[in-house]
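Notes follow the structure.
Rule-based calculations on the coordinates, nothing more; no lab input. Since the structure is predicted, the reported quantities are computational estimates derived from the model, not experimental observations. Cβ coordinates were reconstructed from backbone atoms using ideal geometry, including for glycine residues, and neighbour counts include every protein chain displayed.
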Amino acid sequence: MQMLLIHSDYIEYETKKKTKMAEEIGDDMKAGRLEEALTAFIAVEKCDEANPDGVVAAAVSQIKNTLEQVKADKVMVYPYAHLSSSLSTPDVGISVLKGIEAALLAEKIIVKRAPFGWYKSFKISCKGHPLSELSKHISVDDESADGCCCGSVKPSASASSVSSSSSASAASMPATKATAALKANACGANVQLSEDGDVLSEALKSESVAKSYFKILGTDGQFYEPAEFDLSKYPNLKKFVNYEISKNRAVNSAPPHVELMKRLELADYEPGSDSGNMRFYPKGRLMKSLLEMYVVDRTVVDFGAMEVETPIMYDMNHPTLKKYLDRFPARQYSIESDKRQLFLRFAACFGQFLMNHDMTISYRNMPLKMVELTRYSFRKEQRGELVGLRRLRAFTMPDMHTLCRGMPDAVDQFLSQYEFCIDILDNVGIKVSDFEIAIRFTKDFYNENKSLIETMVKKVNKPVLIEMWDTRFFYFVLKFEFNYVDSLEKASALSTVQIDVENAERYDITYTDSDGELKRPTILHCSPSGAIERCIYALLEKAAMVSAAGKVPTLPTWLSPTQVRVIPVTEKNLAAADAIAGKIKYRVDVDDRELTLGKKIREAGTEWIPYTVVIGDKEAETGNLTVTIRSKSEPEKPFKMEMTVDALNEMIKAETENKPFRALPLPKYLSKRAKFAS
């Protein structure tokens, strides 16, 4: 049985038309209204046919418990077929609904039941407090429920009124975005919908109520209460601790990177799409592409992962995926196609695990690593949390999974991948001093692996935030995150690794061990950099903080869209400037516009060009260049250095060695460029 419980100011309905399965009713049931009531929308399912009396008893117990919690004494029992795609026969459905009604009446509870099998219109006003909307999956046999019962759902009726007119189904349907999704619920996944109609997993709901303990783990190996640890020496950690403990994710103003991403013509909001889906201009696309290439190439070449590609959408009714949906703390997009309910992936786990299931794997292949660059992953983040490149609904993420021969090998790999992630971010331009570390684990795992946790702290030589759970709520027993804390004191996770102890069994992934026996691996989830867009966010926020401290902001030279700008003093120097630009081996452009020299130089500064070369008569004649080096400059004090073209090439080579390279993403001559941002 699927049941949606709404504590309502009022609920009223009116019958419109009978269906073939309609029960016979008198005039007293053709319309009804209850005020200050608990409305129980109910779908009786096939699996309930095995023990209808048991389901009635379980449902009544749940309703009574909820009545006590919300302090109500009236119940509207409302048949609602849209909660499930696996409905019982009409006879069983009517019998169960009448049984619930009778049992509640016997408890001296005021009850009204809406008729079964009638087209009805209804209006409901939800109270909007934390317990006003509850979804329940009632089953007296959970194992059988996995085969036929659908997940429960939660509509977006919070603190509002919802109206509905008659529909072409056996139960009425509120005309709201969330209720449209009620019809398309995810079978077996115990899926809820948030206020925006996004899918909420059981793991996400568990996360909000999970009992956990926050501690500071110092470099001395000791745990401290956050309130007792001297955080004055670690102001960034203090901001991160406050952010984590408060769980206030909403953003009230735009962080600096939003203005920067627009002014630098990297990215902007896309008003023609869903919130949290961005447009990237040529410069931003170049930065994304270089970061993508770097992280994936390092993961494949240096870390031994095999690159794969998997679909971006999956069937919610797939027997394995519907269970995994419930274990991942993310909100999903759902879509309907060919009468099938699909969801857009929020990571590469599904595709890679399904691939692992079909593979023949030997212990000799272990640890087995596969990586995919997910362009895109989709998470229906809450609207108040969406801002710039910090938190998106569609993002690009390198996602690696490692199959290990048991927990000891997984622990070794975990530490190796921890160090790998530090190195990846360091080369991106985000140092250990730029981020804060959270390590999260179950108490049992910690007691068995204390030395691993202590080693992780020693590697970074600074205190970290610890979150420990008494009980495992999710599929992992250990994870870390590198979190960037921006100027608004909001934290965003970059790199992460998790030890997964559930999904090998869920996906029936096995390998043949040295003794010839089939065994299940332990799985590591790793994103070496986190979302690519979030790396750009962190670089821009870091640059904004540098600027606020009275220094010159920069981007890493290998990521700068233009690495060298050549500026002719006058039009007669353009040919010489063009010739010199032709000898520079990196991304070089030429400012051939009819502007003053001063304005051209200032614009090169506002675009954060790493190297600016001005070509006048002297430079044209001698071939020696006067180069302004941004990374060595101070505000109003440009650092200039004389060098040859060869010396400039060598300087840039030293800064960009072992990094990917792509050509200039825009016309070489600035006069040929259109502006993307006003």
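Numbers at a glance
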{"item": "Cβ-Cβ FRET estimate between Thr471 and His357, R0 fixed at 25 Å, reported to 0.05", "result": "0.35"}
{"item": "At R0 = 51 Å, FRET efficiency that the Cβ-Cβ distance of Ala31 and Arg340 yields, to 0.05", "result": "0.85"}
{"item": "Arg263 versus Thr89: modelled label distance in nm, points set 7 Å from Cα along the beta carbon direction", "result": "7.3 nm"}
{"item": "Potential lengthening between Ser514 and Asn461 on full extension [0.36 nm per residue; Cα-Cα distance subtracted]", "result": "15.2 nm"}
{"item": "Considering only the chain, percent of DSSP beta bridges that pair antiparallel, nearest 5", "result": "80 percent"}
{"item": "Normalised convex hull volume, the chain, alpha-carbon set, Å³ per residue", "result": "181 Å³"}
{"item": "Peptides ranked, highest mean first, by Cβ atoms within 10 Å: ranges 400-412, 423-435, 633-645", "result": "400-412, 423-435, 633-645"}
{"item": "Simple label model, 7 Å out from Cα along Cβ direction - Thr596 to Ala102, nm", "result": "9.3 nm"}
{"item": "Dipole in debye (nearest 20) - the stretch 557-672, about Cα centre, beta carbon charges: Lys, Arg +1; Asp, Glu -1", "result": "320 debye"}
{"item": "Gained length - Lys640 relative to Ala57, 0.36 nm times residue gap less alpha-carbon distance", "result": "201.6 nm"}
{"item": "Average Cα contact separation per residue, the chain, under 8 Å, 6 or more apart, as relative contact order %", "result": "11 percent"}
{"item": "Cα-Cα over 31 Å, subset of Lys239/Lys459; Lys459/Lys640; Lys211/Lys450; Lys458/Lys659; Lys239/Lys637", "result": "Lys459/Lys640; Lys239/Lys637"}
{"item": "Proximal aspartates and glutamates relative to Lys322, as straight alpha-carbon distance under 13 Å, when same-chain residues fewer than 8 apart are discounted", "result": "Asp146, Glu202"}
{"item": "Dipole axis of the chain (+1 Lys, Arg; -1 Asp, Glu on Cβ), positive-most option in Ser275, Pro568, His318", "result": "Pro568"}
{"item": "Cross-link partners of Lys339 among aspartates and glutamates (Cα-Cα below 20 Å; sequence separation of 8 or more within a chain)", "result": "Glu45, Asp198, Asp315"}
{"item": "Selected from Asn649, Leu666, Gly598, residue furthest toward positive end of dipole (the stretch 557-672; charges at beta carbon)", "result": "Leu666"}
{"item": "Per-peptide average of other Cβ atoms within 10 Å, ordering 648-655, 439-446 highest first", "result": "439-446, 648-655"}
{"item": "19 Å Cα-Cα reach of Lys238 towards lysines, excluding residues that sit fewer than 8 places from it in its own chain", "result": "Lys215, Lys247, Lys431, Lys462, Lys490, Lys542"}
{"item": "Nitroxide proxy distance, nm - points 7 Å out along Cα→Cβ at Glu657 and Gln69", "result": "6.2 nm"}
{"item": "Residue list for the stretch 589-630, given a label point 7 angstrom along the Cα-to-Cβ vector of Ala579 and an amide N cut-off under 15 Å", "result": "615-625"}
{"item": "In Hz, Karplus ³J(HN,Hα) per residue of the stretch 419-432 (6.51, -1.76, 1.60; θ = phi - 60°; x = Gly, Pro)", "result": "5, 4, 5, 4, 5, 4, 5, 4, 6, 5, x, 10, 8, 4"}
{"item": "With Cα atoms, 0 to 90° folded angle of helix 349-358 axis to the chain main axis", "result": "80 degrees"}
{"item": "Dipole-positive endmost among Ala504, Val457, Phe240 within the chain (Cβ charges, Cα centre)", "result": "Phe240"}
{"item": "Glu307-Asp9 FRET efficiency (beta carbon distance; Förster radius 45 Å; 0.05 resolution)", "result": "0.25"}
{"item": "For peptides 535-545, 358-368, sequence by mean Cβ density within 10 Å, most packed first", "result": "535-545, 358-368"}
